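Presented below is the structure to which this report refers.
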C-alpha cells in the first residue's frame with residue numbers, strides 16, 4: 001500500500017485519468033472545430049428559433065444571439081452542458097470511492113489498520129480529487145488556448161482561465177457532496193443516488209428557470225447557476241461565485257470528516 005491516502009487515490013486513478021483526459025480533449029477539439037460550420041450557416045438560426053425555449057435553455061442557449069457568438073457557442077457546449085457533466089461524474093466517482101467505495105468493497109478495515117486517521121483519509125482523498133479534477137480542467141484550458149487563434153474564437157486568456165477555474169470548482173463541489181454522503185452513510189448506492197439527484201436537480205432547475213419565472217427562486221440554490229450566472233467565458237472571473245463554491249465544498253468535506261469519525265465502520 002502506498003504511504004498516503006493521497007498517493008493511493010492518485011495511483012488508483014492513473015490509467016482511468018488518461019482516458020478521461022483524452023475524452024475531454026476530444027470533446028473540446030470537436031466542439032471548437034464545429035464553430036466555423038455553425039458561424040457560416042445562418043439558416044441554422046431559424047431552426048434553433050423553432051426549438052422549444054426550454055430545450056435550448058437546458059444547454060445554455062436560451063439567447064440565440066449569444067449562442068451565435070464564439071464565447072456563447074463554446075460556453076453552451078463545454079461549460080453549460082456536456083463539459084461540466086463529465087467533470088462532475090469524474091469527481092463524484094472519486095468522492096464516492098474515498099469512503100463509501102472502500103466500505104462497499106470491504107477494504108476500509110485494511111486501510112484503517114494502517115497508521116492513518118479517519119480525518120486524514122477524508123482530507124487526503126478530497127485533496128486527490130481536487131488534483132485529478134484540476135488535470136481535466138487544465139486539459140480543457142490547454143485545448144481552448146491552443147485552438148483559440150486557429151478558429152478565430154476571440155476568447156481572452158483571462159476568460160478561458162476563469163471558465164476552467166469555475167468548472168473545476170463546480171465539479172469539486174459535487175465530488176465533495178459525494179464524499180460527505182459517503183462519510184455519513186458508508187453506503188455506495190446511497191452516495192451515488194444522492195449525488196446524482198443533486199446534479200440532475202441543479203442542472204434542470206438552472207436551465208428551466210431561464211424560461212419559467214416560477215423556478216427563479218429555486219435556481220438560486222443551483223451550483224450550475226452560481227457558476228454560469230456571471231458568464232465567465234465572456235466576462236472573466238466571478239469571484240463571489242467562485243468563493244461560494246469553494247466554501248460549500250470545504251463545508252461538505254468537513255461534514256464528511258465529522259460523519260466518518262462518529263460512525264462505526266462495518267467490516
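Remarks
- By other beta-carbon atoms within 10 Å, ranking 151, 224, 201 with the fewest at the front produces 201, 151, 224.
- Taking the average, over residues, of other Cβ atoms within 10 Å as the packing measure, peptides 164-170, 233-239, 84-90 rank 164-170, 84-90, 233-239 from highest down.
- The convex hull built on the alpha-carbon positions of segment 110-201 has an orientation-averaged projected area of 8.0 nm².
- Tilt relative to the chain, helix 157-185 - C-alpha long axis, 0 to 90 degrees, to 10: 40 degrees
- Cubic angstrom per residue, convex hull over Cα atoms of segment 5-262: 120 Å³
- Helix 118-147 axis, angle to the chain major axis (alpha carbon atoms, nearest 10°): 20 degrees
- Compared with the dominant principal axis of the Cα atoms in the chain, helix 188-208 is inclined by about 20°.
- Relative contact order (%) - criterion: Cα under 8 Å, at least six apart; region: the chain: 27 percent
All of the numbers you see were taken from the coordinates with simple rules; none came from a lab. Only a predicted model underlies this, so the values are computations on that prediction, with no experimental measurement involved. Quick reminder, even Gly has a Cβ in these numbers, built from the backbone with ideal geometry, and neighbours come from all protein chains shown.
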